[in-house]
Protein chains: 2
Amino acid sequence: MKAGTDLAQIASLVGDPARANMLAALMGGAALTASELALEAGVTLPTASAHLSKLTGGGLLRMARQGRHRYYALADHQVAGMLESIMGVAATLGPKKVLPGPRDNAMREARICYDHLAGEMGVAMFDAFAARGLLAVNGSEIALTESGCGFFEDFGLDLAAMRGKRRPICRACLDWSVRRSHLAGSLGAALLDRFVALNWVRREKDSRIIRFTPPGRRSFALMLRD
Amino acid sequence: MKAGTDLAQIASLVGDPARANMLAALMGGAALTASELALEAGVTLPTASAHLSKLTGGGLLRMARQGRHRYYALADHQVAGMLESIMGVAATLGPKKVLPGPRDNAMREARICYDHLAGEMGVAMFDAFAARGLLAVNGSEIALTESGCGFFEDFGLDLAAMRGKRRPICRACLDWSVRRSHLAGSLGAALLDRFVALNWVRREKDSRIIRFTPPGRRSFALMLRD
DNA sequence: TTCATAGTTAGATGCTAACCGAACTATCAA
DNA sequence: TTGATAGTTCGGTTAGCATCTAACTATGAA
């Protein structure tokens, strides 16, 4: 009985269409202002404000003031993971897909999950790193190996900076489309940043879709191979 | 905007206290009748009936008639996993725990997750199997190794029967208390059945808690070791 | 058949919560 | 100061939904 109460409390926060739209928008990883989220949810500012205070009060969001703006973001990875898992259920259950549609396919191939790469490309990357011994995978405990350290530093990542943070460097995140793990944690986030900086990928405006540029796709494949 | 709608639809199903209690009860793995679930949720039969038709209609539950009873169960593992992940968020967010409490600790040590063993003991078992090469773990893709086949058959499991079914033999399931993977799939379910048959463990009445008998605990530790 | 139990359907009720407009506060920019 | 933008708070309205009782259907047992 107690377990059900906790469950309902969190789920009902997500269960309102306006709030769900806000959360879905925040799955893009960027922090958004109250006004932007109001727009996203299709409600007026006062309504959005009420929703946002519920979400922050419930611990799903965190807020940072900046001047006269208030930026909202998902509280942590656990919340992002929960949302992904709900979306996963929704995706398999909603058999309303007459045909998948090109946007759907793009989402399956590569998308942003909070702040790291997910979808088939994300899973492929994770598998390749594991196979090459750059990551030591044991259950869902993942660690950087020595050769992994060298590889990622060569690739231009600042591992020292990551170690300073409280956030774990490596984490596994379960993919709703592929149902396999991909790489999250600060390493996952840094890799995606780097891909963007190298112009390998481009984020589609106002969506979670990530598109590989043609040269980016080649370089990415090369990186996984050798 | 579309993603949010799907999200809200599923989450709102879980977001009602009565329904959440039913789902929590079904996390125990057993199929329950409408009356039992009504009792569990603390509502009258008609109310429960309405909830149950929503849950089945929404794809979270499946129902089987049996004489004049109707047995309800979670639709699949994905739904169970989603519920676990919501519970995980609830557990870390709800800092209302003044002190953990003995029942809480028992849940953390060993509990049933749909139909297999979860909690610290579940994670320990998974790790031990992986370390001994009985399971080949690659990301969240898990396979039985040759030595694993021998081991589990010696332990009294009927692997041939499992292969016949559509359900995957091995699957990883993320643990909300320990945040590590443990073994799900038909192998995970069969192991738990076997533990019960061997009297190593006993399910606590009306809860998800699994208690190891003293000899069971010894035998279990031995099994992990050699 | 007749009775009992399991469950659904229908109808009525009442509460909660989402929503908006209007007024208020806070920050920035002249 | 004055004006503009960002956001919150307040009050009132509305709609949806969970809930119950009562009546109905279906299955099994005597």
Exercise. Could you give every pair whose Cβ atoms fall below 6 Å, whose first residue belongs to region A:15-41 and is more than 7 Å from chain B (Cβ to nearest Cβ) and under 20 Å from A:MET107 (Cβ atoms), and whose second residue is more than 13 Å from DNA strand D (Cβ to nearest atom) and of a type in the set (D, E, K, R), counting only separations of at least 6 or pairs across chains?
Worked result: A:GLY28/A:ARG208; A:GLY29/A:ASP115
Seminar exercise, completed: Scanning region A:47-72 residue by residue, those crowded, with 19+ Cβ neighbours inside 10 Å and in a strand (DSSP E or B) turn out to be A:LEU61, A:TYR72
For this session: Kindly provide the set of residues from region A:190-206 that are of a type in the set (S, T, N, Q) and surrounded by 16 or more Cβ atoms within 10 Å (Cβ to Cβ), ordered by number.
Result: none
Problem set entry | Filtered residues of region A:1-38 (kept if more than 10 Å from DNA strand D (Cβ to nearest atom), surrounded by fewer than 21 Cβ atoms within 10 Å (Cβ to Cβ) and of a type in the set (A, V, I, L, M, F, W, C)) | A:MET1, A:ALA3, A:ALA18, A:ALA30, A:ALA31
Exercise. Of everything in region B:59-68 that's more than 11 Å from chain A (Cβ to nearest Cβ) and touching a helix residue (DSSP H, G or I) at 6+ places or on another chain (Cβ under 6 Å), which residue is farthest from DNA strand D (Cβ to nearest atom)?
Worked result: B:LEU61
Exercise. How many residues are more than 7 Å from DNA strand C (Cβ to nearest atom) and either in contact (Cβ under 8 Å) with a residue 60 or more places away in the chain or among the hydrophobic types (A, V, I, L, M, F, W, C) (or both) when one looks only at region B:49-74?
Worked result: 7
Exercise. Which condition number does A:PRO17 fail, the rest of (1) in contact with a helix residue (DSSP H, G or I) (Cβ under 8 Å, 6 or more places away or on another chain); (2) in the same structural domain as A:ASP206 (by TED's automatic domain parsing) being met?
Worked result: (2)
Problem set entry | Flag for A:ALA11 being outside the structural domain of A:ARG203 (by TED's automatic domain parsing) and assigned to a helix (DSSP H, G or I) | yes
Exercise. Do we have any residue at all in region B:39-58 that's under 23 Å from B:ILE10 (Cα atoms) and away from DNA strand D (no atom under 16 Å from the Cβ)?
Worked result: no
Exercise. Considering region B:110-146 alone, what residues qualify as being free of Cβ contacts under 8 Å to residues at least 60 places away in the same chain and farther than 18 Å from B:SER186 by Cα?
Worked result: B:GLU120, B:ALA131, B:ARG132, B:GLY133, B:ASN138, B:GLY139
For this session: Return yes when B:LEU174 is crowded, with 18+ Cβ neighbours inside 10 Å and at pLDDT below 90 and no when it is not.
Result: yes
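The values are calculated or read from the model by the stated rules, or taken from the named source; none is laboratory data. If you're wondering where the values come from, they're calculated on a predicted model, not measured in any experiment. In this analysis, Cβ positions are derived from the backbone assuming ideal geometry, glycine residues included, and neighbour counts consider all displayed protein chains.
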